[in-house]
1. Using DSSP to call loops (not H, G, I, E or B), can you name the trypsin sites (Lys or Arg not before Pro) in region 265-368 whose Cβ has at most 12 other Cβ atoms within 10 angstrom?
2. Tell me which of 255, 373, 243 sits at the most positive position along the dipole axis of the chain, charges placed on C-beta atoms (Lys, Arg +1; Asp, Glu -1).
3. With just the Cα atoms defining each centre, how far is region 403-479 from region 132-159? Give it in Å.
4. Under unit Cβ charges (Lys, Arg +1; Asp, Glu -1), what dipole magnitude, rounded to 20 debye, does region 322-479 have relative to its Cα centre?
5. What is the dipole size for the chain, taken about its Cα centre, with +1 at each Lys and Arg Cβ and -1 at each Asp and Glu Cβ, in debye to the nearest 20?
6. Rounded to the nearest 500 deg cm²/dmol, what is the calculated helix-only ellipticity per residue at 222 nm for the chain, with -39500 (n - 2.57) per DSSP H run of length n ≥ 4?
7. If packing is taken as the average count of other Cβ atoms within 10 Å, what order do 69-79, 378-388, 44-54, 243-253 fall into, highest mean first?
8. Among rounded, prolate and oblate, which fits the chain when a ≥ b ≥ c are the square roots of the eigenvalues of its C-alpha gyration tensor, a/c under 1.5 means rounded, and a/b larger than b/c means prolate?
Amino acid sequence: MTRFTKRVLVCFSILGVLFLSLGNPATSFATESKGVLGEVKSAFNADKMGDMKGYDPSNPVIPTGDTIKIAVVASFSGPAAANGHFYFNIVQWVAHDINKRGGIMVDGKKKLIQVIKADHMSKPATAKSVVERMILQEKVDFLWGTDGSHLMRVINEAADRYKVIALNATCLSDNLQDATNFSRYTFHTAYSTEQVGRAFAYFYGQMRKKEKRFYILNQDYSFGHELAAGFKKGLQEYYPEAQLVGEDFHKLFLTDYAPYLEKVRASNAEVIFTGDWLPDAGNLLKQARQMNMNIPFANIYMDEPNFLLDVGVEGTKGLMNLSAFNSANPQFQLPGHKKFYATWNNLWKTTWKTPPYNSRTFEIYGGNWGNWTMVTYWLFDIVERAGTLNPEKLIELWEGDTYRYVNGKVVHMRADDHKIVQDLTITEWVPPDQQNVSMNIYPFYWYQGSSSYGPSWVVPAEKCIPWIDPKLVGRSKKK
């Protein structure tokens, strides 16, 4: 976002504010929840981006020596290995950008950012070992994770023990930051389970007002159960006339979902609510369509292009996807957002030639990529403003901070429990010839061969405030 100087376009800025508040959905989206989000304290500025030419995640330029070190703790091997590649590209992108700007001044010295891969192989014991190695041997300044709330808990425990800042960019479980597990050193920048569940319930009960019969099908661990509980709580609050016609939980990395899907079919459900992530998300959708079940999924992770293209336009039409990045339609209303999107997409076309980064998975900037990059930029924006790597100073600055993303979305870090407060956007997926309501850049569709983002609804932050443990209320004021 461009910051205007005091003496430039004074009259036009006044008129511009009036115009935008009346006619620009992006601006109204960024400010409609101002009461709970607060005044913006900092923002991503696309005009300050470094030279991204030649950036290639398969052949990254990673500095060494006296650097700011961040460990991406994730699955780089095993059944969920794809997630590690997702996350590494995100963090390395941000590091490359900032390094091309010259780095960050910390404690009187300009430093570059070094990204280190830390493979936990989806195993808690391995996660514990690799995180301790990152902290004690690699001397990392930050931990970034991960795929699986049970594994994020391992990261958080180590962060708290060794007083290292951890960024939870992807895990939703509310109990990660309850009174028992709360760590001052962890910042939960992913949306949380109850937040997602209540947002979907508000959407179906107060905005869409169509489907009434829901079936919950989630992965069988803390995240899946908490997400289900959040949705049920939301239905009671926002859609009491709805019917929950079934609820099931399946093992992680399942290969056969037929027994569960047959129960869904027998229930006459109108919507399947799922929080499944890859590879389960893709396999579940594929098998449902193979069984001629065209029931829509209310989801957060059924957005991976390769499996969507395998399923095709008809099989992906009607999916309801919740995003922590998307805004009100059309999506590209700000010059900085258009610049960022073009930079990413052009690099994918011209430079990312090595698997997995040359796959359709990485073609389009938005969705989870958008959210994960922005919260990582937020972390380093905090470092830059603090001018130090001292965890205590970073915590002090980040608590209560409010930040604006490249697309105009505004997010707030709640001081008491370090959870993100934000509007959330739910989008119905439609065929390519209908995607221009969302994609307002030529060729005016996201993907050919698959349905994708179409009509969208913004759920205001005050309707999906993340749960907070009552024991943590007022914590930040008691310090």
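1. Taking region 265-368 and a limit of 12 other Cβ atoms within 10 Å, the loop trypsin sites (Lys or Arg not before Pro) found are 353.
2. Projecting each Cα onto the dipole axis, the largest value belongs to 373.
3. If you average the Cα positions of each part, the centres end up 26 Å apart.
4. My answer is approximately 220 debye.
5. With Lys and Arg at +1 and Asp and Glu at -1, about 1200 debye.
6. Using -39500 (n - 2.57) per qualifying helix, the result is -11000 deg cm²/dmol.
7. The densest-packed peptide leads the list: 69-79, 378-388, 243-253, 44-54.
8. rounded
Rule-based calculations on the coordinates, nothing more; no lab input. Being a predicted model, the structure only gives us computed values, none of them experimental. Quick reminder, even Gly has a Cβ in these numbers, built from the backbone with ideal geometry, and neighbours come from all protein chains shown.
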